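All remarks here apply to the structure that follows.
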Amino acid sequence: MTISRRLFLNSAIGASVVLGAPGILRAQGKSTYRLGITTPPGHPWNVAAETVGKRLAEETDGRSSIQVFPSNQLGNEAAMLQQMQSGALDMGWIMTAELGSRVPAIAAINAPWLVPTTEKVAALVRTPEAMKLLDVLPAETGTIGLGYGITTLRVVFTGKETAGIDDIRGMKLRINTTPAYRDFYQLLGAAPTPIPTPQVFDAMSNGQVDGLESDLDLAWNQRFDKVSKTMIRLNALFMPCVALVSARSWKSVAEADRELITRLTQEELGKQIDATVANEATRLEDFKASGIKIVDVDMANTAEITEAYDKVWLPKAPAIAELRKVGASL
């Protein structure tokens, strides 16, 4: 068996694999593309990525396949982006939090109150205006964006009973570390606090933080309702991922295979998006049944915060203005 551009070293018992050399695994005319993702097995994004790999193998009669490395097995998202830049990693499904931290223009998709419902999130990420944001990626990150995956709109859990958005003021709030989120929650008067996801439940339990923000699916899987009194539905933010391919690796992929991988990826992302919308009502019912207090934010009281946010972010991410117009039309 001949392997070019990447060398796999197996121990005698097959217990270890060294993942460090660049490129696509090729053996006996076959290609295996390596895909890194931060979320764990069973997450909707992982399921979609794995399905792309299965369909690729089926449609090429086993000539091409995708090996998915979940749960940051290849390093965090920053490390995976670096690997894609060098061609050491072929694909990565990376959240816009990481991309927006590196390329402020991408953070336009993370602006608050672009759309008020998860259903409209699904429509927004399919628009030409949202897809156009990905055009800067080859020059800025050495990657090519094939499309978005989504989560539900994010919610805030608080350790004490709260009545609305004003009660977030003064809270030590665990958030995603992207600057777009940090600036938003600071405008709400919170003290944004980054804590790794596996430690969040304990941080809420022991009072290390007063609250946290999350999408509904992660929140239910982690049972944040058990350490919270209130769930505030801000209907403000959502966190997409982008299915990326390494521009360097992509050069060595036949045009027909590029088209096939792109089509399969976009089809499975579409299914993931639709399933997230369809399942949201069930997840909300789960939370209602848990007994946690659920509060919906009055959208009429958000204009001042939106204006203050855009004053900071429009110079860095001008597409926010266009996305707001598109969102209002959906």
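Since every read-out is calculated from the coordinates, none of them should be taken as a lab result. Since this is a predicted model, take the numbers as computed values, not measurements. Heads up, the Cβs are rebuilt from the backbone with ideal geometry, glycines too, and the neighbour counts pull from every protein chain shown.
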**Prompt:** In the structure shown, do any of LYS271/LYS311; LYS120/LYS288; LYS132/LYS311 have a Cα-Cα gap over 27 Å, and if so which?
**Reply:** LYS271/LYS311
**Fill in**
Percent antiparallel among DSSP beta bridges confined to the chain, nearest 5, equals 55 percent
**Message:** Could you tell me the center-to-center distance, by alpha carbons, between the stretch 133-210 and the stretch 267-330 in angstrom?
**Reply:** 13 Å
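Would you mind counting up the charge near GLY92? Only other residues with Cβ under 14 Å from its Cβ, with Lys and Arg at +1 and Asp and Glu at -1. The partial results should precede the final answer.
On the way: positive: ARG34, ARG102, ARG248; negative: GLU77, ASP90, GLU98.
Local net charge: 0.
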**Request:** Compute the signed sum of charges (Lys and Arg +1, Asp and Glu -1) over the other residues within less than 12 Å, Cβ to Cβ, of ASP167.
**Result:** +1
**Complete:** Counting only backbone N atoms under 19 Å from a point 7 Å out along Cα-to-Cβ of ALA254, the residues of the stretch 35-63 in range are 53-63
**Fill in**
Helix 255-290: inclination vs the chain longest Cα principal axis, degrees, rounded to 10, gives 30 degrees
**Prompt:** Arranged by the count of other C-beta atoms within 10 angstrom, fewest first, what order do VAL136, VAL156, VAL115 take?
**Reply:** VAL136, VAL115, VAL156
**Message:** Order these by the 10 Å Cβ neighbour count, fewest first: LYS325, LYS293.
**Reply:** LYS325, LYS293
**Cα-centre dipole for the stretch 22-108 with unit charges at Cβ (Lys and Arg positive, Asp and Glu negative), debye to 20** = 180 debye
**Request:** Calculate the spin-label point distance for LYS160 paired with ILE195, positioning each point 7 Å from the Cα along the beta-carbon direction, and give it in nanometres.
**Result:** 1.7 nm
**Dipole axis of the stretch 116-187 (+1 Lys, Arg; -1 Asp, Glu on Cβ), positive-most option in THR141, THR117, LEU187** = LEU187
**Message:** If I stretch the segment between ALA321 and THR60 completely, what's the gain in nm (0.36 nm per residue apart, minus their alpha carbon distance), one decimal?
**Reply:** 89.7 nm
**Prompt:** Near TYR185, within a Cβ-to-Cβ distance under 14 Å, what is the net charge of the other residues, with Lys and Arg +1 and Asp and Glu -1?
**Reply:** 0
**Request:** Could you work out which residue, out of SER252, SER214, SER228, moves most in a Gaussian network model of the chain, that is, has the largest mean-square fluctuation with Cα springs under 10 Å?
**Result:** SER252
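Please arrange ASP90, ASP210 by how many other C-beta atoms lie within 10 Å of their C-beta, fewest to most.
Details: ASP90 29, ASP210 22.
So the ranking, lowest neighbour count to highest, is ASP210, ASP90.
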**Message:** At 0.36 nm per residue, and after removing the present C-alpha to C-alpha distance, how many nm does the segment from ILE292 to ALA328 gain when stretched out fully?
**Reply:** 9.8 nm
**Prompt:** Farthest toward the dipole's positive end in the chain, which of THR265, TYR309, TRP250, given Cβ charges of +1 (Lys, Arg) and -1 (Asp, Glu) about the Cα centre?
**Reply:** TRP250
**Asked** Mind listing the phi-derived Karplus ³J(HN,Hα) values for the stretch 142-148, rounded to whole Hz, using 6.51, -1.76 and 1.60 with θ = phi - 60°, and x for any glycine or proline?
**Response** x, 10, 10, x, 9, x, 10
